[in-house]
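Input: a single structure, listed below in structure tokens.
The values are calculated or read from the model by the stated rules, or taken from the named source; none is laboratory data. Just so we're clear, the structure is a prediction, and the values are computed from it rather than from any experiment. Counting neighbours? That spans all protein chains shown, and the Cβs are built from the backbone with ideal geometry, glycine included. Accessible surface is based on the protein model in full, side chains and every heavy atom, while ligands, DNA and RNA are left aside. Shrake-Rupley method; radii C 1.70, N 1.55, O 1.52, S 1.80 Å.
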Amino acid sequence: MDVVIIKYNAGNIYSVDYGLQRLGITPEITDDPERIRKADRVVFPGQGEASTTVRYLHERKLDQVIKDLKQPVLGICIGMQLMCRHSEEGDVDCLGIFEADVKRFIPQQHADKIPHMGWNTVNNVRSDLFSTVLNERFVYFVHSYYVPMTDETIAETDYIHPFSAAMRKANFYAVQFHPEKSGRTGEMILSNFLNLS
């Protein structure tokens, strides 16, 4: 299977590369639009700051390349947030694939730490990206911004309040957590993505 990881100015790309290699896939890390368009699967991962990453995508016209993709695409962490309409981080317009705006966590009590970092469960899973055995499983999060619940939400997590742990629109899938750092549960989710019809 031909899998591409989109190369842009965001961290964590190589841990996703390693996570896919553990599943027997050797992905190509590239910012070449033609290679991205021709891949069987496209992964759009990353950690970073929204406004600078969006600017990088615009400058290289990768924003339009991503929006035009027809094969299964998986956004991870900031990749998911960049697939939304707008982000409060840097007050920037994003790709607009998902009809949602990215919000900053606001602590409600002293125990609420930002960023949300560590293991939490995904609930109410509803997509072929997941299976029923993945409901209530723990996955690993690191984020200060979140996507509220929307009609495109396919899994939920509660930290301070419920938010979208995963989203889907047509061939575009996205997760706020890091499947490549989520042990066997994360491997199952990545494997489900690779096996989407």
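In table form, for the structure just shown:
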{"read-out": "Modelled FRET efficiency - R0 22 Å, Glu88 with Asp112, Cβ distances, 0.05 increments", "value": "0.80"}
{"read-out": "DSSP-defined antiparallel bridges as percent of all bridges, the chain, nearest 5", "value": "60"}
{"read-out": "Accessible surface ranking that places the most exposed of Arg137, Arg104, Arg35 first, with a 1.4 angstrom probe", "value": "Arg104, Arg137, Arg35"}
{"read-out": "For Phe138, solvent-accessible area (1.4 Å; no DNA, RNA or ligand), Å²", "value": "120"}
{"read-out": "Inter-part distance where the stretch 10-53 and the stretch 98-147 are each reduced to a Cα centre, Å", "value": "21"}
{"read-out": "Solvent accessible area, Å² - His116, 1.4 Å probe, full protein context", "value": "10"}
{"read-out": "Accessible carbon and sulfur surface of the chain relative to its total accessible area, %, 1.4 Å", "value": "48"}
{"read-out": "Positive minus negative residues near Lys7 (Lys, Arg vs Asp, Glu; Cβ under 15 Å)", "value": "-3"}
{"read-out": "Per-residue [θ]222 nm for the chain (sum of -39500 (n - 2.57) over DSSP H runs n ≥ 4, rounded to 500)", "value": "-6500 deg cm²/dmol"}
{"read-out": "For the chain: accessible area per residue (Å², 1.4 Å)", "value": "44"}
{"read-out": "Pair Val142, Thr121: separation of 7 Å Cα→Cβ label points (nm)", "value": "2.5"}
{"read-out": "Listed residues His58, His143 arranged by accessible area, highest first, probe 1.4 Å", "value": "His58, His143"}
{"read-out": "Among Tyr18, Met80, Val92 the positive-end extreme of the charge dipole of the stretch 7-94 (Cβ point charges)", "value": "Tyr18"}
{"read-out": "Area accessible to solvent at Cys84, 1.4 Å probe radius, in Å²", "value": "0"}
